[in-house]
Amino acid sequence: MVQKIGILEVQTMDTLTAFPTILPISDLRQNTASILQEVQEKQEPVVITQRGRPVAVVIDFESYEDLFRKLEIMRMLMRSEEDINSGRLVDSEIVHAESKELLGR
């Protein structure tokens with residue numbers, strides 16, 4: 001599903017069709033190694049519940065890193081959009097000149 005956020009169009013998970021694996025914490029305690037191996041192999045999150053309520057999500061490390069990279073890009077884009085809307089702009093010729101100076105070109 002594509003969702004429009006400000007000037008951005010973002011691909012999002014359709015929560016109606018995506019059903020994550022849900023396990024009680026007792027299963028995680030008893031089968032930690034096999035659950036972690038499955039999470040790593042499938043690269044899909046597992047929701048951990050306690051007393052029937054979700055308390056944690058287990059994801060593989062590569063997906064975790066990817067999630068935070070995407071989050072940081074979204075934050076930068078949102079700050080950029082705020083700058084544009086507030087009129088905080090810099091002429092591209094100035095940016096190119098400063099870039100060349102910093103890169104020594």
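Laboratory data are not the source of any read-out in this text; all were calculated from the coordinates shown. No experiment lies behind these values; they were computed from the predicted model shown. Note that each Cβ is placed from the backbone with ideal geometry, even for glycine, and that neighbours are counted across all protein chains shown.
The length gained by stretching the chain between Ala33 and His96 to full extension, at 0.36 nm per residue less their Cα-Cα distance, is 17.5 nm.
Note on Ser26 and Ser80: the model spin-label points, each 7 Å out from Cα along the C-beta direction, lie 5.1 nm apart. For Thr21, the residues whose modelled amide H falls within less than 5 Å of its own, excluding neighbours fewer than 5 places apart on the same chain, are Val47. Computed 3J(HN,Hα) for region 74-81, one whole-Hz value per residue from the Karplus formula 6.51 cos²θ - 1.76 cosθ + 1.60 where θ = phi - 60°, is 4, 4, 5, 5, 5, 5, 4, 5, glycine and proline marked x. Between Leu103 and Arg88, full extension at 0.36 nm per residue minus the direct alpha carbon distance yields a gain of 3.0 nm. Projecting the Cα atoms of Leu67, Leu102, Ile25 onto the dipole axis of region 19-103, where Lys and Arg carry +1 and Asp and Glu carry -1 at the beta carbon, places Ile25 farthest toward the positive end. Answer rounded, prolate or oblate for region 19-103, using the Cα gyration tensor with square roots of eigenvalues a ≥ b ≥ c: rounded when a/c is under 1.5, else prolate when a/b is larger than b/c, else oblate. Prolate shape, in that a/c is at least 1.5 and a/b is the bigger ratio. Per residue, the convex hull around the alpha carbon atoms of region 57-105 comes to 95 Å³.
Here the peptides 62-75, 40-53, 84-97 are ranked by packing, the mean other Cβ count within 10 Å, and the order with the highest first is 40-53, 62-75, 84-97.
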